[in-house]
Structure formats: structure tokens, C-alpha cells
Amino acid sequence: MLTGSPRNLLPIVLAYLPVPIAGAVLSARWGVGATPEGGPGDMVLRGTALTPPLFLPAILLAGAAAARRDGAAGRIGAGLVSLVGAAFMAGSTANLPNDFAAARAAGTPRALTAVLAAVHLALSLALLANALPRLFNRR
């Protein structure tokens, strides 16, 4: 049974925020997109091989802050965090071959893309472990 706490979510998210910021800077500097044909403009809605779609960390921050509240607001926040966690899990696994192709096309290190995928996978597990108990707890 999951015993995480929604109080853990905000510190986890704040510790994570430098990752998408650095990924966005590197994507812009190296011209990395979501696909081999894409470019840094992809980072806002589609993400790149070096950063998730930038709207997701914004939703994640708002959800983590809301998840600390009692009642419906806390459950909605936990739901948002859970959705973003699931998106990160899917993006770090199912989309990895496409990310490798985009990184190769831009000439960026494959290892960097792999490390970022591992960070997002670990992050998604931490988010889900701490958000799901609040989401399913009606108290």
C-alpha cells in the first residue's frame, strides 16, 4: 500500500524544476526538437529530446501546491500531479526511441537523453507514490 504524503510533492517538484529549465536552454542552444525534423520551438507543447513539454512542469507545480490542501482542492491537485507523473513515465519510456532520433539529428549526446529519461522515470514514480494516496483517500 502506498503511504506517501502530498506534503512531499512540492519539495520534489521544486528540486526537479532546474531539469526542464536546463533542458530548455540546451534545446535552444543546440537546436534540438521533438523529432529529427523539429526544432527548439517544440519545447513548449511537444517537448524535445532534452526537456519535457514546458506546460507540464507548470501544471506539476500548481498541482503539487494544491495537493497540500484538504478536500476537493487537494484531490484535484493530486490528480494533476498523477496525470503529469503518468505522462513523464510514458514519455521516458515509450517516446525514448524518438528522443534518441531527435538527439542524434541535432548532434547531442545520446547519454544525456538517456539520463534525462531516467530522471523522468524516477520522478514519475516519486510523484505517483506521493500523489495517489491523496487522490484515493476521501478523508
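The values are calculated or read from the model by the stated rules, or taken from the named source; none is laboratory data. It should be emphasised that the depicted structure is a prediction, and the values quoted were computed from it without experimental measurement. Glycine gets a Cβ as well: all are built from the backbone with ideal geometry, and neighbour counts include every protein chain shown. Just so you know, the surface numbers come from the protein's heavy atoms only, side chains and all, with ligands and any DNA or RNA stripped out. Shrake-Rupley method; radii C 1.70, N 1.55, O 1.52, S 1.80 Å.
Observations on the structure shown:
- Each Lys or Arg adds one and each Asp or Glu subtracts one; over the other residues with Cβ under 15 Å from the Cβ of ASN95, this totals +1.
- The slack in the chain from LEU112 to ALA62, taken as 0.36 nm per residue of separation less the alpha-carbon distance, amounts to 15.2 nm.
- Residue-averaged [θ]222 nm for the chain, counting only DSSP H segments that reach four residues, each worth -39500 (n - 2.57): -22500 deg cm²/dmol
- Accessible-area composition of the range 71-119, carbon plus sulfur, in percent [1.4 Å probe]: 73 percent
- Counting Lys and Arg as +1 and Asp and Glu as -1 over every other residue whose Cβ lies under 11 Å from the Cβ of ALA78, the net charge comes to +4.
- Rounded accessible area per residue of the range 32-116, 1.4 Å, Å²: 45 Å²
- Within the set [x] 1.18; [y] 1.08; [z] 1.13, the number that Cα Rg over 2.2 N^0.38 Å takes when calculated for this structure is listed as [y].
- Here the relative contact order of the chain, from alpha carbon pairs under 8 Å that lie six or more residues apart, stands at 31 percent.
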